[in-house]
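**Student:** Encoded as structure tokens, here's the structure I'll be asking about.
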């Protein structure tokens, strides 16, 4: 088989993998068909998910350090910096206070900062199509809400006893409103689907780059009231009347890149 035939076969294998991975159903079906296979896989934080992706795309060296093949063909001569980035995600995934900090990349032009972030994004996109990287979210949720947030707090201790994992997190205002107005509180009927990380599809990856640091608008990050929907729902405070178009919402369950963020006004920061 020559190189071109091999590449065509790889394309067919890629499309088969991406076509077979889709799943949708109710939350009750998710609990029955999907969750039992790997409960710990569906309670991961974003830091844990990225760390698992790095481990999936790398291998342990003789010195015990992770060698990420994700960066091998693009970044050279900055092994120490890459090791510090990996250590950040490792510590954050373990639940330390590091996870409450932003990861700030500083360096001269052409130092590999943007390339590193791009490779992380592409790694997440590919990982989300694997069985180990499968992500599920509430269908139609603007922040790709984890379906396990539907479990009521009063029943989470029972969930921990049954599945051996802890559910952390609150249902977003949008899904809470849907649950009350559309499903009459029956969370078992809430639709769930498998989601795939995609920067172009604004799913799991958000990018914020202020056009003018002096006029940066916070709405680009967190959205604003959608006046066209206020008349429909009658209240600016209704979450269904909010424009969930901010980069923060697109980045939910994944990562947010903020470019040249330190150049914006202090009030914005």
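**Student:** Within region 235-259, can you find the residues that are assigned to a loop (DSSP other than H, G, I, E, B) and over 21 Å from the mean Cα position of the chain (by Cα)?
**Tutor:** 235, 236, 237, 238
**Student:** Among the numbered criteria (1) in contact (Cβ under 8 Å) with a residue 24 or more places away in the chain; (2) more than 25 Å from residue 46 (Cα to Cα); (3) touching a helix residue (DSSP H, G or I) at 6+ places or on another chain (Cβ under 8 Å); (4) in a helix (DSSP H, G or I), which single criterion is violated by residue 232?
**Tutor:** Checking residue 232 against (1) in contact (Cβ under 8 Å) with a residue 24 or more places away in the chain; (2) more than 25 Å from residue 46 (Cα to Cα); (3) touching a helix residue (DSSP H, G or I) at 6+ places or on another chain (Cβ under 8 Å); (4) in a helix (DSSP H, G or I), the one that fails is (1).
**Student:** Continuing with the same structure: So which of 232, 199 is surrounded by fewer than 12 Cβ atoms within 10 Å (Cβ to Cβ), closer than 25 Å to residue 139 by Cβ and at pLDDT below 95?
**Tutor:** Among 232, 199, only 232 is surrounded by fewer than 12 Cβ atoms within 10 Å (Cβ to Cβ), closer than 25 Å to residue 139 by Cβ and at pLDDT below 95.
**Student:** Another question about this same structure. Which numbered condition in (1) farther than 20 Å from residue 243 by Cβ; (2) touching a helix residue (DSSP H, G or I) at 6+ places or on another chain (Cβ under 9 Å); (3) part of a helix (DSSP H, G or I) is the only one that residue 185 fails?
**Tutor:** Result: residue 185 fails condition (3) only.
**Student:** Hey, could you check region 91-117 for residues that are closer than 17 Å to residue 53 by Cβ, in contact with a helix residue (DSSP H, G or I) (Cβ under 6 Å, 6 or more places away or on another chain) and part of a helix (DSSP H, G or I) and say which is modelled with the lowest pLDDT?
**Tutor:** Result: 99.
**Student:** Condition first: closer than 25 Å to residue 255 by Cβ and free of Cβ contacts under 8 Å to residues at least 60 places away in the same chain. Can you find one or more residues in region 156-163 that meet it?
**Tutor:** no
**Student:** List, please: which pairs have Cβ atoms under 9 Å, are six or more places apart or on different chains, and start with a residue in region 244-262 that is on the phi > 0 side of the Ramachandran plot and modelled with pLDDT of 90 or more and end with one that is buried (at least 16 other Cβ atoms within 10 Å of the Cβ) and part of a helix (DSSP H, G or I)?
**Tutor:** Matching pairs, first to second residue: 253/46; 253/49.
**Student:** Go through 75, 70, 54 for me and flag whichever is in contact with a helix residue (DSSP H, G or I) (Cβ under 8 Å, 6 or more places away or on another chain), part of a loop (DSSP other than H, G, I, E, B) and modelled with pLDDT under 95.
**Tutor:** 75
**Student:** Across region 31-47, what is the total count of residues that are part of a helix (DSSP H, G or I) and more than 16 Å from residue 169 (Cα to Cα)?
**Tutor:** Counting residues in region 31-47 that are part of a helix (DSSP H, G or I) and more than 16 Å from residue 169 (Cα to Cα) gives 6.
**Student:** Right, here's the next one. Which residue is surrounded by the most Cβ atoms within 10 Å (Cβ to Cβ), if the candidates are limited to region 1-30 and must be part of a helix (DSSP H, G or I) and either touching a helix residue (DSSP H, G or I) at 6+ places or on another chain (Cβ under 6 Å) or in contact (Cβ under 8 Å) with a residue 12 or more places away in the chain (or both)?
**Tutor:** Taking the candidates together, the pick is 30.
The values are calculated or read from the model by the stated rules, or taken from the named source; none is laboratory data. Just so it is clear, the structure is predicted and the values come from calculations on it, not from any experiment. As a convention, Cβ positions derive from the backbone with ideal geometry for all residues, glycine included, and neighbour counts pool all protein chains shown.
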